[in-house]
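What follows is a single structure, written as structure tokens, with notes after it.
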Amino acid sequence: MFLSDLTIKEYIKKGKIEIDGEYEIETNGISLHLSNELLIPKPYQIVDSNNPKEIEYIKYNLFQTPYVLRPNEFVLGSTKEIVRTDKDILTIIDGRSTYARLGMSIHITAMVLDGLPFNKERSVLEIKNNGVFNILLHPSEKVGTYLFTLLSTPIQKDKESVYDNQSSITPPSFI
């Protein structure tokens with residue numbers, strides 16, 4: 001069962017859903033905005049999960065100038081929002097349909113954010129332009145929605161991850 005705007009407001013008041021800073025409640029979620037920084041992967045690196053090494057990125061500040069996301073290009077971003085939920089709430093990222101109609105996706109792997117019941121964090125966005133248009137990315141631009149759904153019972157197990165408590169864009173880690 002997905003939570004409606006009324007339940008989301010109630011859960012924020014009770015502290016079951018925490019959001020740092022300003023937020024916008026939609027009919028069935030909370031608006032998700034792009035932060036002010038991107039990580040652009042340096043091309044032609046070899047990634048080997050059996051012999052991991054640090055992947056090189058170029059930091060890009062969106063406050064200086066919007067970023068032109070070209071067709072077939074991939075960058076990492078993060079949300080402006082910092083979120084945490086209780087262990088009986090599952091959080092899902094849903095991309096904005098306007099961008100999807102241009103060919104842009106914002107979260108190309110698992111849509112479930114399994115770290116939020118355990119940590120208060122920004123969500124890393126895997127942004128890909130699958131279309132034919134150049135798309136300008138601006139800081140604080142609305143690019144999607146956080147959706148919330150109730151689990152049948154609260155999560156009992158602890159979770160440890162190399163991505164715990166993300167406060168900025170976290171590159172991939174095979175360690």
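For the range 135-143, indicate whether the set of residues that are modelled with pLDDT under 90, touching a Lys or Arg at 6+ places or on another chain (Cβ under 9 Å) and not β-branched (Val, Ile, Thr) is non-empty.
Checked against the condition, which is being modelled with pLDDT under 90, touching a Lys or Arg at 6+ places or on another chain (Cβ under 9 Å) and not β-branched (Val, Ile, Thr), the range 135-143 yields no hits at all.
So which of Phe74, Phe148 ends up being closer than 18 Å to Asp20 by Cα and in contact (Cβ under 8 Å) with a residue 24 or more places away in the chain?
Answer to the check: Phe148.
Just to verify a result, which residue in the range 43-79, among those that are among the basic types (Lys, Arg) and at pLDDT 95 or above, is nearest to Ser140 (Cα to Cα)?
Lys59
Of the residues Thr109, Thr153, Thr145, Thr65, which is of a type in the set (Val, Ile, Thr) and in a strand (DSSP E or B)?
Thr145
Every residue in the range 128-160 that is under 16 Å from Arg84 (Cβ atoms) and under 16 Å from the mean Cα position of the chain (by Cα), please.
Tyr146, Leu147, Phe148
In this structure, is Lys53 over 26 Å from Phe148 (Cα atoms) and touching a residue at least 12 places away in the same chain (Cβ under 8 Å)?
For Lys53, the condition - over 26 Å from Phe148 (Cα atoms) and touching a residue at least 12 places away in the same chain (Cβ under 8 Å) - is not met.
Determine the pairs where a residue that is polar (S, T, N, Q), located within the range 86-100, has a partner that is crowded, with 19+ Cβ neighbours inside 10 Å with Cβ atoms under 8 Å apart, the partner being 6 or more residues away or on another chain.
That search, which allows pairs on different chains as well, returns Thr91/Val83; Thr91/Thr85; Thr91/Leu113; Thr91/Leu116; Thr91/Tyr146; Thr91/Leu147; Thr91/Phe148.
The values are calculated or read from the model by the stated rules, or taken from the named source; none is laboratory data. Model, not experiment: these values are computed from the prediction. With ideal geometry, Cβ positions are generated from the backbone for all residues, glycine too; neighbour counts draw on all protein chains shown.
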